Structure formats: C-alpha cells, structure tokens
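Novice: Take a look at this one; I'll ask things after.
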Amino acid sequence: MSNTPLVIAGVSFTSRLFLGTGKFSSGEAMARSLEASGTEMVTVALGRIRTDGESDDILGHLDRRRYRLLPNTSGTRNAREAVLAAQLAREALETNWLKLEIHPDPKYLMPDPVETLEATALLAARGFVVLAYVHADPVLCKRLEEAGAAAVMPLGSPIGSGLGLESRAFLQIIIAQSRVPVVVDAGLGAPSHAAAALEMGADAVLVNTAIAAAEDPVGMAAAFRLGVEAGRAAREAGLAAGRESARADATSPLTAFLGEEAR
Amino acid sequence: MSEPRQTLSVFVNDRPRALGQPATLLGLMAEMGLSGTKGVAAAVNGEVVPRDAWDARGLAERDRVLVIRATQGG
C-alpha cells in the first residue's frame, strides 16, 4: 500500500488523520484513543484558568514527542481576538501552528469568513502556520491560500452533526483548485465518511466527536485509522469506475458559474 | 522582602482580585500556583507577556489580566 507523506509547511505526516481532544470521558480514554488512531497531530483548545484552582491537565496526557499540538482559537469572535489567542497559544505551547477558527455564534459554531480571512493575513505575516477552519467555500479557500494559509480546513457538515460530506460538491472544487493541503474538518460521523474524503482527494481529515463520543472511543479511533488509510490508498491507486468522473461532471457547472461571477 | 502595606485591585479572568503592593505578574502567577506550570500564558490589558518578562511586568490598579492554559478541544 503506497503511503505518500502529507506535508504541511515543510513538516511531514505519515498519518492523515488528525484528532480533536474534546469530549473524551477522561484523559486516559483520550490518550488510548490517540494511540489507536495512529495520529501525529492533535488539536487543543485554550481555556481561561479558573481562579478556584480547578483545571484539567491535558498536557499531562499528551506525549509531545509523538503528537504535534495544534492549538485552536475556539471561542474567539473576530480577528482581533483570534490574534490575541494565537499569541497566547504560541506562548503557552511553544508552537506557531494554529487552527484558526472564529465563530461569533456559539450555537452552531459557524466560522466567520470575513474575520477568518483578515486574521489569516495578520497571523501569516507574524510567522504563524495557519490552518484555517472555514465553510467549504472554494473562493474563500483560494483567498485564504493567497493570504498565506498553510492549509485550509473546510467543513464537511455542521460540527458535531456526524452527517458526513454534505459539502461534497464544493469540497471537490476546493481540492481541485488548492495549492495548499485540504483537511476536511467537522461533521465526519463514520470511518466511511473519512474514507470518502480521502478517496476524493482530501489530504487529511480531522475527527473529534465521532471518536470521543463513540461507545468505544479506542475501537472507533482504530476504525477511523483504517478508513483514512483505505481512502488514501484508493486515491493513490486511482479509482477505475465512473464514480469520480461522474462527480467531476457534476462540478463543472459550478466552476463555470463562479467564472461568470468573476467577469 | 518587604511586607505589602496596601492592596490594589486587578481583574483576573474578569474576576476582581486584591494584590499586595508592589505587585508583579510573576507574583500573581505564583499566588495562583502557576509560576512553574507548563502550558500557561498570560496577557495584561490585551497584550501577551512572555514568561521571562513576568517578573518585570508590574501590575497597576484595575489592570485586566487574562490567564489561559491548554484544555480539551477539537
């Protein structure tokens, strides 16, 4: 099985499965799930220290020789807050890598494209490796690439929904156009969704809820690992059937439509 | 070390907190049990203060201190 490494900002990853660390029942369950997934990069959030002294010790459960940390800017509502969060993350975790996510409305956690584009430019200029979490918007993803994003992270479907690749048609355009890695983030509910994303040509996926909230998170982490490996192997082997070309036809009118807009 | 003679009040993560004077960010972090903790960062009035500058960063009345650490998230 071929296994071309994924490269983001000059760093190679053998595993194309990134994991979020939210919603696990314990640090121990998280650590065992990460191990079973084979992941090499995990996201962490930033939280205010509670002044009563109570706080979880996530770093105690993360072997940093094994996992690159990708701090996120969850909880920020605009570019200004995201830049502060990024600087705090860099100071706290000694990494300039960042999952940039800006969502003004905590109900659906929908990323704000305007603020995200502005923050990407500001942070890239300050030396951050920005992986930008956005809607599956092909135009926005190109703009982010031009603004200096190291990767784009379009969502497959609403975060936590488990609906899979609802944004499939748009993801295909993004993948076809992008010169930076495309990491499908959010909404993947099953290993088959992850496999489909990789078959389609996504460079990696990020999974959290589907693993953390599974009945057996460790078993599900192992299943996602297989799904991602199968999807990537299929992509590299070249799918024979009309599956892909049928989808390529379906996306042509969308591309033409965008072309007309530009004129 | 001189005895604190008067207090000043600052906000730590939006909660009021009284500190003895003279107050530094390092002193506050030590009081919170965080001066040697990894994975922690602090900002004063919206500006990040690197760990090696905590000692030199004096705190004044009504300063707003933000203290964060890594936590679970996706």
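The values are calculated or read from the model by the stated rules, or taken from the named source; none is laboratory data. Not measured: the values here are computed from a predicted model. Backbone-built Cβ (ideal geometry, glycine too); neighbour counts: all protein chains shown. What goes into the accessible areas is simple: the full protein's heavy atoms, side chains included, and nothing from ligands, DNA or RNA. Shrake-Rupley method; radii C 1.70, N 1.55, O 1.52, S 1.80 Å.
Novice: I'd like the accessible area for residue A:117: 1.4 Å probe, protein heavy atoms, all chains in place, Å² to the nearest 10.
Specialist: The accessible area comes out at roughly 40 Å².
Novice: Something else about it: Summarise the accessible area of the protein assembly as shown (1.4 Å probe, protein heavy atoms) by the percent that is carbon and sulfur.
Specialist: Carbon and sulfur together cover 51 percent of it.
Novice: If you don't mind, another one. Please identify the helices of chain A, taking whole runs of DSSP H, that span at least 24 Å along their own axis as judged from the Cα atoms and have a mean Kyte-Doolittle score of -1.0 or higher.
Specialist: Long hydrophobic helices here: A:217-237, A:243-262.
Novice: Then there is this: Go ahead and set up a Gaussian network model of chain A, Cα springs under 10 Å, then flag whichever of A:160, A:127, A:27 fluctuates most.
Specialist: A:127
Novice: Below 8 Å, C-alpha to C-alpha, sequence gap of six or more: please give me the relative contact order for chain A in percent. All intermediate terms of the calculation are to be shown ahead of the outcome.
Specialist: Numbers: 511 pairs, mean separation 49.1, N = 263.
This gives 19 percent for chain A.
Novice: Starting from the Kirkwood radius over alpha-carbon pairs of chain B, derive D by Stokes-Einstein at 4 °C in a medium of 1.567 mPa s and give it in µm² s⁻¹.
Specialist: 102 µm²/s
Novice: In addition: Convex hull over the alpha-carbon atoms of the protein assembly as shown: what's its volume per residue in Å³?
Specialist: 138 Å³
Novice: Another question, if that's okay. With a probe of 1.4 Å, find how much accessible area chain A has per residue, and write the answer as a whole number in Å².
Specialist: 44 Å²
Novice: Roughly how many Å² is the accessible area per residue of chain B, as a whole number, for a 1.4 Å probe?
Specialist: 56 Å²
Novice: For the protein assembly as shown, what proportion of DSSP beta bridges, expressed in % and rounded to the nearest 5, is antiparallel?
Specialist: Roughly 45 percent of the beta bridges in the protein assembly as shown run antiparallel, per DSSP.
Novice: As a test of the definition: with a 1.4 Å probe, what buried accessible area, both sides summed, do you compute for B against A, in Å² to the nearest 100?
Specialist: Heavy-atom accessible area buried at this interface is about 2300 Å².
Novice: At a Förster distance of 35 Å, what's the computed FRET efficiency of residue A:108 paired with residue A:35, Cβ-Cβ distance as r, to 0.05? Working shown, then result.
Specialist: On the way: r = 32 Å, r/R0 = 0.91.
Efficiency at R0 = 35 Å is approximately 0.65.
Novice: Under a 10 Å cutoff between Cα atoms, tell me which one of A:150, A:119, A:31 has the largest fluctuation in the Gaussian network model of chain A.
Specialist: Maximum fluctuation in the GNM of chain A, among the listed residues, is at A:31.
Novice: Across the residues of A:88-98, average count of Cβ atoms on other protein chains within 10 Å?
Specialist: What the average comes to for A:88-98 is 4.
Novice: In a Gaussian network model over chain A where Cα atoms closer than 10 Å are linked, find which of A:176, A:197, A:212 has the largest mean-square fluctuation.
Specialist: A:176
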